[in-house]
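Taking it in order: structure first as structure tokens, then the write-up.
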Amino acid sequence: MGLLNLLSTSEIIAQIASFLLLLFILRVFAWKKILALLDARKERIAAELKDIEDTKLEIAKLRSEYEGKLASISEEARQKIQAAVQEGKGIEEQLKKAGNLEAQKIIEAARDNIKYEIAKAKEELKEKIIDISIKAAETVIEEKLAEKQDRNLVENFLKRVGEMK
């Protein structure tokens, strides 16, 4: 109440009238602009929120696409690894076959070499036996026969011995 005593009625009425006049002037000149600014701001915020929602949806869509692509890439990588393993097994089989063939060739060559060496050793042994037989016959007979006749005689003897086996 002390505050009301300080103000007079005419001052209060003047302030109320000034406030109403200011309110009327603001309403006529500035209210539409302020409301237009507020409406524009409201629309801009709504548009931004809509853009954010659209972006979220697009991100979710891209994420699902990327996950699908990642899954397909993983599957493709797995298939390529399996193909490489199969190819490696095929190469392994080819190498084994080639190794076996090479081993067979080496074995055959060794067998042929052994046969050749055995034949060669037999021939050398035959020659030595002929020489020993001739020397033994010379010692027994104490006379030397012609060497060509000696050889023919011993070779014929060895052929007959070989036929008896």
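The values are calculated or read from the model by the stated rules, or taken from the named source; none is laboratory data. Quick caveat: nothing in here was measured; it's all calculated off a predicted structure. Glycine also receives a Cβ, built like all others from the backbone with ideal geometry; neighbour counts cover every protein chain displayed.
Just wondering, is there one or more residues in segment 25-45 that are surrounded by 10 or more Cβ atoms within 10 Å (Cβ to Cβ), in a helix (DSSP H, G or I), acidic (Asp, Glu) and under 60 Å from the mean Cα position of the chain (by Cα)? Yes, the conditions are met somewhere in segment 25-45. Pairs linking a residue in segment 105-131 that is within 26 Å of ARG160 (Cβ to Cβ) and surrounded by 10 or more Cβ atoms within 10 Å (Cβ to Cβ) to a residue that is β-branched (Val, Ile, Thr) and modelled with pLDDT under 85, with Cβ atoms under 6 Å and 6 or more positions apart or on different chains, are ILE130/VAL154. Looking across segment 113-148, the residues that are of a type in the set (S, T, N, Q) and at pLDDT below 75 come down to SER133, THR139.
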